[in-house]
Structures are given as C-alpha cells and as structure tokens.
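One structure is given below, encoded as structure tokens.
The values are calculated or read from the model by the stated rules, or taken from the named source; none is laboratory data. Quick caveat, the model's predicted, so the values are computed rather than measured. Note: ideal-geometry Cβ built from the backbone for every residue, glycine included; neighbour counts use all protein chains shown. Surface areas here come from the heavy atoms of the whole protein model, side chains and all, with no ligands, DNA or RNA. Shrake-Rupley method; radii C 1.70, N 1.55, O 1.52, S 1.80 Å.
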Amino acid sequence: MLTTVTAIAAALPLAFGNTGPAPIGIDESAPVITRDDIVIHAPLERVWRVQTDVENWPAWQPNVSSSVKQTPGKLRPGSSWVWSTEGLENITSTVKQVQPKRRIVWGGPAQGITAVHVWTFTQAKDGVHVHTEESWTGEPVSANAEYLQDALDASLDHWLHNLKQRSEHGHLERGTPGDRLS
C-alpha cells in the first residue's frame, strides 16, 4: 500500500504540472504591510530588466542613492546587493525566490527592520500588471507602525510610478538625455 501511495504522490506533479517550490510570501502578521499595483505599457522583458537591474536603480529611483551587487550575474536565490534609500543605509537584500519575468522575492534586515518584498509581473492585453507587496517587522516597526506604514505606502507608490516611467519612456521626466534605456 505504501508503494502505491508513494507512486501516486510522485505522479501528481507530472499530472498537474510541476510549478516548483511553493511561493514565498510576505509576513501576513507583520505590523506594517503594503500592497500596490500598476499597469505598465511596455514589453514584459523590459519591465523585468529594469526592475531586476539593481545596480541601475539610482538612475531611475530618485530615493535610491546607491546599489551594489554582491553576487555576479542575474538575480537568483541567494543573490544579494547592498543599497541605500530614504535614510536607510547599507540595506543588504537577498533574493529568496525568483521565477524569471514572473515573480521575485527578496528581503533582509535594515536598522532593526526585517522586510520581505514580493514582486509579481503578469502580461495582459492592456499591459504588464505589476503587483508588489511588502511586510516590515521588528522593534522600530512595532514602536512606530503608523508612521512607518505611511512611509512604506508612499515609497512603494513612488517606486511603481518610477518603474512605469522608466519602462515606458526609458527615462524619468526629470532625467537627463543620457539616462535612457537602450
């Protein structure tokens, strides 16, 4: 009987399609959670490239002052980079999960805050739907959740609009002519 159960369990991924490991998500019990969406009228390939080229973030994200990859090549589980944004210095983010051109999850600690950030990209007739959600936990978050909730809400809203601008037009409205996508 055990071999029959084992055989059935082994066959299920083949019958229904192996979708890989279960998706990693945000911390649903976190005191600060933000979810936001936008539709971008640009090729999915471009939107993905802009978002995952972490070393180029300062070129199109005005609040990102630096971003340096610690691991070479394309982002993959275990890839990390150190970046600074909006007063948070030397954030080390590590990729937890990636499905190229579909989904990426990263996170890590920064000044007592532990973040988990999920990005989902879906091609549709009206453009690329980008959904993002992020959770923050830690003592600083518990101590000042309302303020940090507002800060994260604003940050992700700005991030999505800058991603849209960069992906659709190749530059920010206030960008320089040299700040263009090829």
From the set of residues in segment 21-52 that are farther than 12 Å from residue 163 by Cβ and part of a helix (DSSP H, G or I), which is most open to solvent (accessible area, probe 1.4 Å)?
-> 45
Which listed residue is open to solvent by 70 Å² or more (accessible area, probe 1.4 Å), within 27 Å of residue 168 (Cα to Cα) and at pLDDT 95 or above, from 139, 133, 55, 146 = 55
Could you tell me whether segment 25-37 includes any residue that is in contact with a Gly (Cβ under 6 Å, 6 or more places away or on another chain) and modelled with pLDDT of 95 or more?
-> no
